[in-house]
Every structure is written in structure tokens, then in C-alpha cells.
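Reading through the C-alpha cells given below for one structure.
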Amino acid sequence: MANDNIKELSPLREKIHEIIFEADTPTGKVFDVILLIAIVASLIVVMLESVEAINIKYHDLFFALEWVFTIFFTIEYGLRLYSVKKPLKYALSFFGIIDLLAILPAFLDLFIAGTHYLIVIRTLRILRVFRIFKLTKFLKESSLIMNALRASQAKITVFMVFVLLMVTIVGSIMYLIEGGTEGSGFTSIPRSIYWAIVTLTTVGYGDIAPRTEIGQFLAAVVMIMGYAVIAVPTGIVSAEMVNTASDPDNHKFDEISTQACRSCSKEGHDIDAVFCKFCGDELNH
């Protein structure tokens, strides 16, 4: 049942909501495409600005463009808050927070130099492309991965605890073996544990290396064990993905609309849905 205590939006707010939040309408799709272009363009400006040779030549242009994009996104964020029934609820939602973080760095840069580079957070707003072009199959696949990760959480946690115990033990043993060897780099147990982590994960920076034969033998064992460290969590998540894919509940994204609720701004509703499945408010058809 719809939430009767929520006031209806005025015609102006309804129209703004339709343009900004709805991708099913021609104006809504045009707006979202323009927004996507603006996001990509602003990111390109930030990246080019980080190249010193280019920045020296076009600094003033980059500065002006950054503020043009920031003002555009600020106005857009304000209109999003204005066009929903519960502005605070939208502001605290995932996309609401991302929208705010997309404009804050430019203003923070007025007080803290260099923070405007955090504008790259705007890349997360490109997630809206799934809604713009109705790529619902990507929503389904992302849901499958997230559900598999959640189902694997306990197993992976146990595995990570085991790995932490293992690198602590190996690092301590390596310190006992190599601690007195000149030039080996094993000057303390924490530093030896750091070596164990780097070696077990097959990163191998090479800044610390065992000098004795026993130490080198232990290092070889840790390197071989590193392959198991990579394989185990991958196998756990893969198995859960198979189980999740066979779950009927995972097919909830097969047929969804791109409509956003005017109250809670949530998306992912069935095509024939009349009420929001998150807050119960009536959807705008």
C-alpha cells in the first residue's frame, strides 16, 4: 500500500524527477547521456592536469573547466534533492553519497591544496550507465558476484586468519635463521613477517632476501605455498558463484524497469510494479 503520509510532488518537481531519475523517457535518457559525457570529460581534465608539461601550458583552461563541471554537478545534485520526496534519504543512499563526494573535492581544494584530484571519485557515477542503456544483465551478474562474496565471507575469513598465523610463524622462524646474517635485511620479527607476506603473495620485491641455505630453502617452500594462497580463495568464490547462479532468487534482475522511486530513489523494480518494493510508495507510471 502506498504511503499516504508522504506529500505528493508538485508538477515542477515531478517533471524534474522524470528528467533526472527516469531513463525510460526521451528527455531522461538525453539528460543521463549528457551527464555521462560530463563525468568522463571532467575525469579526463583531472588526469591531464596531473601531467606537469600539459598542466603548465593549459593550467588556466583546466581550472576553468573544473569549476564549470563542479558547478554543473552541484546544480544537478541540488535538483536531485529537490525532486524527491525524502531528500535526506536520497542524500544518505549509495548514489546520493557518491554524488556529494563528486563535488566536495573541488570545494575542499579551496582550503586544502591538491584535494581536487579526489574528483576521480566521479568514476563511480559511471555506474549509472547500467541504468541509462538498460544493461540489466550487468546488474544481474554484479548481483551474482556480490551474493557469492557474501556467501564466501566466513570461509575466506577463516582462510585469512590461517594465512596471518602462517606468515607470523614463518616470519619468526626466518628471523631466527637470518637475524644475525649480515646484509639479509631480517632485522626484526615484524620486518621478517613483512618478507613472509610479500613472498607468500608471490609479489617478491627483493628488498629482503635470505642468505643462508636453510633460509633459502624455507623461502622456496613459502614461494610454492604462495600458489595455494591464490588458488584457495578463488576456488571458494567460484564454488559459491555456481551455487548462487542456480538460486532462483538470483533471477530477480531478469526483467526490471529503470524507474526510480520518488520517495526513496531506489531502482530495480519489476516492469509491472505499481508500488516501490523498498518503501511502499506508489511508483509514477
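The values are calculated or read from the model by the stated rules, or taken from the named source; none is laboratory data. These numbers were taken from a predicted model, which means no experiment stands behind them. When we count neighbours, we look across all protein chains shown, and the Cβ atoms used for this are built from the backbone with ideal geometry, even at glycine.
Out of all the residues in the range 108-116, is one or more at pLDDT below 75 and crowded, with 17+ Cβ neighbours inside 10 Å?
Yes, the range 108-116 has at least one match.
Would it be correct to say that residue 61 is part of a helix (DSSP H, G or I) and more than 30 Å from residue 281 (Cβ to Cβ)?
It is true that residue 61 is part of a helix (DSSP H, G or I) and more than 30 Å from residue 281 (Cβ to Cβ).
Which pairs turn up if I take residues in the range 32-56 that are assigned by TED's automatic domain parsing to the domain that holds residue 21 and look for partners that are outside any helix (DSSP H, G or I) with beta carbon separation below 6 Å, at least 6 apart in sequence or on another chain?
Partner pairs satisfying both residue conditions: 32/23.
Could you check the range 170-181 and list, in sequence order, the residues that are assigned to a helix (DSSP H, G or I) and not polar (S, T, N, Q)?
170, 171, 173, 174, 175, 176, 177, 178
When residue 31 is evaluated against the numbered criteria (1) in a helix (DSSP H, G or I); (2) at pLDDT below 85, which criterion, by number, is the only one it fails?
Unmet for residue 31, out of (1) in a helix (DSSP H, G or I); (2) at pLDDT below 85: (2).
Hey, can you tell me all the residues within the range 182-207 that are buried (at least 19 other Cβ atoms within 10 Å of the Cβ) and outside any helix (DSSP H, G or I)?
Within the range 182-207, 184, 186 meet the criteria.
In the range 6-28, what residues are free of Cβ contacts under 8 Å to residues at least 12 places away in the same chain and either more than 27 Å from residue 86 (Cβ to Cβ) or in a helix (DSSP H, G or I) (or both)?
Across the range 6-28, the qualifying residues are 11, 12, 15, 26, 27, 28.
Does any residue of the range 68-86 turn out to be among the aliphatic types (A, V, I, L, M) and modelled with pLDDT under 90?
yes
Name the residues in the range 167-178 that are in contact (Cβ under 8 Å) with a residue 12 or more places away in the chain and not aromatic (Phe, Trp, Tyr), would you?
Across the range 167-178, the qualifying residues are 167, 168, 170, 171, 172, 173, 174, 177, 178.
Restricting attention to the range 27-62, and to residues there that are touching a helix residue (DSSP H, G or I) at 6+ places or on another chain (Cβ under 6 Å) and aromatic (Phe, Trp, Tyr), which single residue is surrounded by the fewest Cβ atoms within 10 Å (Cβ to Cβ)?
If we take residues in the range 27-62 being touching a helix residue (DSSP H, G or I) at 6+ places or on another chain (Cβ under 6 Å) and aromatic (Phe, Trp, Tyr), then 62 is surrounded by the fewest Cβ atoms within 10 Å (Cβ to Cβ).
Report whether or not residue 167 is surrounded by fewer than 19 Cβ atoms within 10 Å (Cβ to Cβ), in a helix (DSSP H, G or I) and among the hydrophobic types (A, V, I, L, M, F, W, C).
no
Do you know which of the residues in the range 80-123 that are part of a helix (DSSP H, G or I) and of a type in the set (D, E, K, R) is farthest from residue 45 (Cα to Cα)?
This residue is 89.
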